[in-house]
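Shown next, in structure tokens, is the structure this report addresses.
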Amino acid sequence: MSTQNLVYWLALHAAFGGTAAAGELLRSKLNIEPLLEGDPALFEKTGEISSELAERLRQAQRLLSQGASIAGVCRNMGWAVLTPFSRCYPKAFLSLKDPPLALFAAGDPEWLLQEQTAAVVGTRRPEKSAVIAAYRLARAFSENGIVTVSGGALGVDSAAHEGALSGPGATVAVLGNGLGHNYLPEKVFMRRRIQARGALITELMPFAAPTASTFPRRNRLIAALGQTLTVAQSGEKGGSMISAAYAKSYGRARFAFSDAVCPSAGCEKLIAEGAAPVSDAADVLAFYGKAKVSVPLSDDGAELPPILDPKACSPEQFAVLSGANLEEALPLYNMLLARPEEARVRPNPAPKPAQPAKLPLEAVALKQKIADAQGLTGDTRAVFLALEETPLGLDDLAALASLTPPQAMTAVTMLELADLAETLPGDRVKLRIKN
């Protein structure tokens with residue numbers, strides 16, 4: 001791809017983000033260059049694009065200089081930028097309703113072409129039994145040529161990545177922050193080893209910090225990238241359950257650790273809903289047509305793998321396991337040993353969104369009338385009645401409508417088609433009632 005075309009796609013990504021409008025743009029099969037070099041209004045007049053696409057394209061035109069700057073940063077840092085027309089762009093993302101128009105990758109993006117992939121997710125504060133089981137499961141994937149996909153976070157994610165790296169295979173971490181933001185500094189060596197035998201990918205701009213909303217958005221990509229998704233341990237709510245909801249909506253095979261491995265309310269709920277219980281890695285390997293070799297996951301009294309328990313290592317062992325020299329590993333080793341057992345590094349919480357101004361009672365009544373007139377029912381009606389004139393984030397909207405984010409996204413799409421909702425950059429949605 002030429003430098004100019006890459007700049008175009010980065011500007012489009014900045015304007016569209018991973019939204020339904022991005023999916024509409026890709027499905028339109030339009031030639032992007034004329035759209036950005038000309039006047040989008042001309043294409044709008046001929047009916048080739050919607051008014052929303054025209055507005056976002058005008059925004060992308062204003063962001064071309066930003067796109068050029070981002071391309072330069074990525075080139076200098078050695079990061080790959082994948083667009084929907086790049087060879088290594090995951091095909092699974094092309095079928096998403098809200099695909100990213102650009103992916104940033106550190107490491108070898110060729111791993112994204114691997115035919116057999118398995119997502120493993122779970123709580124950031126797992127029990128020891130869940131950590132050991134996730135590690136063993138991912139190692140079994142690695143030994144059978146299956147790429148483990150997870151989120152690069154503490155807890156189950158780290159156990160899955162390390163398990164994959166302990167075998168001969170590879171792992172992919174889908175991040176909820178930009179590649180240039182050092183989220184979870186204690187995992188810096190793990191990320192470096194993933195780059196050496198796998199890839200770090202994200203849809204977020206190079207130095208974007210994680211927020212409460214970036215992780216749920218990241219989870220849709222984890223669910224899409226894995227042919228299966230296994231939940232190791234989770235409460236009834238949280239990121240792992242969001243990932244599982246996405247996986248279900250994408251038609252992925254879902255698995256959850258059985259009570260014999262690690263009891264958890266989230267896994268019990270998923271199994272009750274039809275997810276396959278897992279007590280042995282063979283339960284998941286069978287999906288990939290692998291020979292049934294038993295790898296029990298239940299707690300047998302084993303200790304944590306040393307890479308996941310620095311207190312069980314000498315400084316020299318920690319450095320070797322981390323793939324670092326002693327001089328650079330020692331500060332982190334000392335920090336981990338001094339850290340209280342219960343301490344966890346979390347992203348700075350996102351600023352709480354301003355409470356939307358409540359619609360006057362007559363406007364609320366108007367929404368009811370419109371919902372009745374349009375024949376809105378079910379999830380679509382719930383989302384419409386929850387919308388306000390002030391934009392709401394998708395997670396907030398889903399909570400107000402008592403739905404999961406995937407359900408809310410589907411409803412928003414239906415409302416956009418009916419011209420009753422408008423999606424803004426940053427995955428914010430607002431009411432759209434014409435006077």
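The values are calculated or read from the model by the stated rules, or taken from the named source; none is laboratory data. This structure is a prediction, so every number in the text was calculated from the model and none was measured. Methodologically, a virtual Cβ is constructed for each residue, glycine included, from the backbone with ideal geometry; neighbour enumeration extends over all protein chains shown.
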Condition met for residue 376 (part of a loop (DSSP other than H, G, I, E, B), over 29 Å from the mean Cα position of the chain (by Cα), more than 23 Å from residue 243 (Cβ to Cβ) and modelled with pLDDT of 80 or more) = yes
Hey, can you tell me all the residues within the stretch 55-66 that are over 16 Å from residue 102 (Cβ atoms) and touching a Leu at 6+ places or on another chain (Cβ under 9 Å)?
-> 61
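Does residue 408 count as at pLDDT 75 or above, buried (at least 22 other Cβ atoms within 10 Å of the Cβ), in a helix (DSSP H, G or I) and among the small types (Gly, Ala, Ser)? Give the derivation first.
Details: at pLDDT 75 or above: yes; buried (at least 22 other Cβ atoms within 10 Å of the Cβ): yes; in a helix (DSSP H, G or I): yes; among the small types (Gly, Ala, Ser): yes.
For residue 408, the condition - at pLDDT 75 or above, buried (at least 22 other Cβ atoms within 10 Å of the Cβ), in a helix (DSSP H, G or I) and among the small types (Gly, Ala, Ser) - is met.
Report yes if residue 207 is out of contact with any Leu (no Cβ under 9 Å at 6 or more places or on another chain), assigned by TED's automatic domain parsing to the domain that holds residue 118 and either among the charged types (D, E, K, R) or surrounded by fewer than 24 Cβ atoms within 10 Å (Cβ to Cβ) (or both), otherwise no.
Values: out of contact with any Leu (no Cβ under 9 Å at 6 or more places or on another chain): no; assigned by TED's automatic domain parsing to the domain that holds residue 118: yes; either among the charged types (D, E, K, R) or surrounded by fewer than 24 Cβ atoms within 10 Å (Cβ to Cβ) (or both): yes.
Criteria not met by residue 207.
Residue by residue, here is whether (1) aromatic (Phe, Trp, Tyr); (2) surrounded by fewer than 21 Cβ atoms within 10 Å (Cβ to Cβ) holds:
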| position | (1), (2) |
| --- | --- |
| 115 | no, yes |
| 122 | no, no |
| 126 | no, no |
| 132 | no, no |
| 137 | no, no |
| 141 | yes, no |
| 145 | no, yes |
| 148 | no, no |
| 151 | no, no |
Can you name the residue in the stretch 263-319 that is assigned to a strand (DSSP E or B) and of a type in the set (A, V, I, L, M, F, W, C) and, of all such residues, is surrounded by the most Cβ atoms within 10 Å (Cβ to Cβ)?
-> 278
With respect to the numbered conditions (1) in contact with a strand residue (DSSP E or B) (Cβ under 7 Å, 6 or more places away or on another chain); (2) crowded, with 19+ Cβ neighbours inside 10 Å; (3) not acidic (Asp, Glu), which one is the sole condition not fulfilled by residue 13?
-> (1)
Within the stretch 109-128, work out how many residues are in contact with a strand residue (DSSP E or B) (Cβ under 9 Å, 6 or more places away or on another chain), of a type outside the set (Asp, Glu) and assigned to a helix (DSSP H, G or I).
-> 3
Out of all the residues in the stretch 18-45, which are part of a loop (DSSP other than H, G, I, E, B) and out of contact with any helix residue (DSSP H, G or I) (no Cβ under 9 Å at 6 or more places or on another chain)?
-> 29, 31, 38
Can you tell me which residue among 392, 387, 417, 397 is crowded, with 18+ Cβ neighbours inside 10 Å, over 24 Å from the mean Cα position of the chain (by Cα) and either of a type outside the set (D, E, K, R) or within 20 Å of residue 56 (Cβ to Cβ) (or both)?
-> 387
Considering residues of the stretch 69-108 that are over 16 Å from residue 206 (Cβ atoms) and part of a helix (DSSP H, G or I) only, the residue nearest to the chain's Cα centre (by Cα) = 93
If residue 364 passes every condition in (1) at pLDDT below 80; (2) assigned to a loop (DSSP other than H, G, I, E, B); (3) of a type in the set (A, V, I, L, M, F, W, C) but one, which one does it miss?
-> (2)
In the stretch 66-89, is there at least one residue being closer than 26 Å to residue 244 by Cβ, among the basic types (Lys, Arg) and either touching a residue at least 24 places away in the same chain (Cβ under 8 Å) or surrounded by fewer than 21 Cβ atoms within 10 Å (Cβ to Cβ) (or both)?
-> no
The stretch 240-252 residues that are among the basic types (Lys, Arg), paired with ones that are modelled with pLDDT of 95 or more (beta carbon under 7 Å, 6 or more apart) = 248/254; 252/223; 252/226; 252/227; 252/228; 252/229
Considering only the stretch 166-196, state which residues are surrounded by fewer than 24 Cβ atoms within 10 Å (Cβ to Cβ) and outside any loop (DSSP other than H, G, I, E, B).
-> 166, 185, 186, 187, 188, 189, 190, 191, 192, 193, 195, 196
Among the residues of the stretch 131-165, the number that are in contact with a Pro (Cβ under 8 Å, 6 or more places away or on another chain) and part of a loop (DSSP other than H, G, I, E, B) is 1
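For every residue, the table says whether it meets (1) among the hydrophobic types (A, V, I, L, M, F, W, C); (2) assigned to a loop (DSSP other than H, G, I, E, B).
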residue	(1), (2)
201	yes, no
204	yes, yes
215	yes, no
248	no, no
255	yes, no
